[in-house]
1. Out of residues 5 or more away from LEU141 or on other chains, whose amide H comes under 5 Å of its own, with H placed 1.01 Å from N in the peptide plane?
2. Rounded to two decimals, what ratio of Rg to Rh does the range 47-140 give with C-alpha atoms and a Kirkwood Rh?
3. At what distance in nm do the modelled label points of SER120 and MET1 sit from each other, each positioned 7 Å from its Cα along Cα→Cβ?
4. Show me 97-103, 16-22, 183-189 ranked by packing, highest mean number of other Cβ atoms within 10 Å first.
5. Quick check on the chain: what are the equivalent-ellipsoid semi-axes from the Cα gyration tensor, as sqrt(5λ), descending, whole Å?
6. How large is the helix-only mean residue ellipticity at 222 nm for the chain, computed as the sum of -39500 (n - 2.57) over DSSP H runs with n ≥ 4, divided by its residue count, in deg cm²/dmol to the nearest 500?
7. Convex hull volume of the Cα atoms in the range 211-329, per residue, in Å³?
8. Could you grab the relative contact order for the chain? Cα pairs under 8 Å, six or more apart, rounded to a whole percent.
Amino acid sequence: MLLFYQAVSSITQPFFGRLCERYGGRLFAVGAIIWTALLFAGTLFAESKLVITTLIALAGLGSGAFHPQGTANSTLAGGSKLGATTTSLFFFGGTLGTALLGSALGGLLIANYGRVSLVSIAVLNIALALLVVRRLVPRRLGAAAPGTASDGREPAEQGRMVWLVLAVLLGAIALRALTQQAIVTYVPKYQEDLGVSAAVYGSVNSLFLAAVAAGGVLGAYLADRLGIARILVLSLLLTAAALWGYVRLTGMGSYVSLVIAGLFLGPSHTLLLVTGQQRSPERMAVMSGVFLGFGFVSGAVGTWILGLLADQAGLASTLAVLPFIALVNGLLALLAVARIRRPNPAAAELATGH
């Protein structure tokens, strides 16, 4: 059921990104929240798996509509100085909401009042959409200042270079998504096979995800200060080093290395996305949709392939590949950001209306 949800969300994000650029972000920000809340609430009263699956799959349209405008608006809100930081806070908010309203509050409500009580979360989301989100999201999407340097090439050659860089960026996004999803999916299973208790590997997994979220905000802030290219490449190379420590060490040393890997892995999600936006500042919502959707799909497919490999070679041997994947990821990121320069602050403020 969740696969259908993610598939619908991934495929439709570029389409909704274009609609956001044409009709504005507010309609899709508010509408997406209401749509998703209503459909998830409907699953609480559905009596058949077919109906539940259909509702969850259609709810993916809400995710597809919300993320492109949200990502574009968050980048524009930060302007030329804090674009990466504000985008990282957007994703951090999603992680925090999932943990608090979804897992914590949702589990508490189900345990004490039954599943129908989750309707209260849907009501809360709809109220927030109408009373808060509607006021805060701009009607129209702005445009960022270009972030690529002119190198004297002919327009046709520049166009080919842009497509080549975008292909490299998509490859980097795929490897980054694969790394995180593989860790979340297979490390708990690997620890269980080693005889580690669920309480221990569950805590380690939670700390890893918390480190990813915290590292995302911290790394984005440093990128706004020191440059996206420098922090992006360095963070991925340090991720590879930390994962090398994880697969080589045992016990507490491996756990610490994994959490450190999460801290260094965190910034790359936001920074790769912002890099893509800089490559096409007049199509920020579309680029956001393409990159987010491709990350979901490629990460899922790559994790499935690693699962097939693990069935043949074992989980230990498969996880040992992750440091090399992160290393290649860093090299692709280096190629993708090699020609990016920081946008002109005055031009950025003029473009975004700040």
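Laboratory data are not the source of any read-out in this text; all were calculated from the coordinates shown. All values reported here derive from a predicted model rather than from experimental measurement. Backbone-built Cβ (ideal geometry, glycine too); neighbour counts: all protein chains shown.
1. Residues meeting the amide H criterion: GLY24, GLY25.
2. Result for the range 47-140 is an Rg/Rh of 1.04.
3. Each label point lies 7 Å from its Cα, and together they span 2.2 nm.
4. Order by mean packing, descending: 16-22, 183-189, 97-103.
5. Rounded to whole Å, the semi-axes are 31, 29, 18.
6. -28000 deg cm²/dmol
7. 100
8. Result for the chain is 29 percent.
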